[in-house]
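The values are calculated or read from the model by the stated rules, or taken from the named source; none is laboratory data. All values reported here derive from a predicted model rather than from experimental measurement. Glycine also receives a Cβ, built like all others from the backbone with ideal geometry; neighbour counts cover every protein chain displayed.
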């Protein structure tokens, strides 16, 4: 049986329990879905006013038929430094900030054979993004 990514995400969006997002018709939710082909792990340091470590994973791959995304950047930060996810059309990139405590789990997911990153944007500005994988 073929895997239908659009059907998969329609079901996931319908299962979101937050209102009014759960009641929004699917055709009003912008979805960008990236099937991950390649992964680059980056560990570094940066300094502005203070020194801090940098941990991020960049992914690229193939967009679903109804998407234009070409890559994703997953940044790992302490909980106090998290930001909302967003999709930037100009460079066709999904950007997601995750708690540093999720790094090990995400690394495990990225070792799976099927991996995809997605973001949904609702008409009221609500955004939701996550990484999915299947061993």
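Within the span defined as the stretch 31-47, every residue fails to be in a loop (DSSP other than H, G, I, E, B), more than 20 Å from residue 121 (Cα to Cα) and in contact (Cβ under 8 Å) with a residue 60 or more places away in the chain.
Within the stretch 12-30, identify whether any single residue is out of contact with any strand residue (DSSP E or B) (no Cβ under 8 Å at 6 or more places or on another chain), under 18 Å from residue 133 (Cβ atoms), at pLDDT below 95 and surrounded by 12 or more Cβ atoms within 10 Å (Cβ to Cβ), and answer yes or no. Yes: one or more hits.
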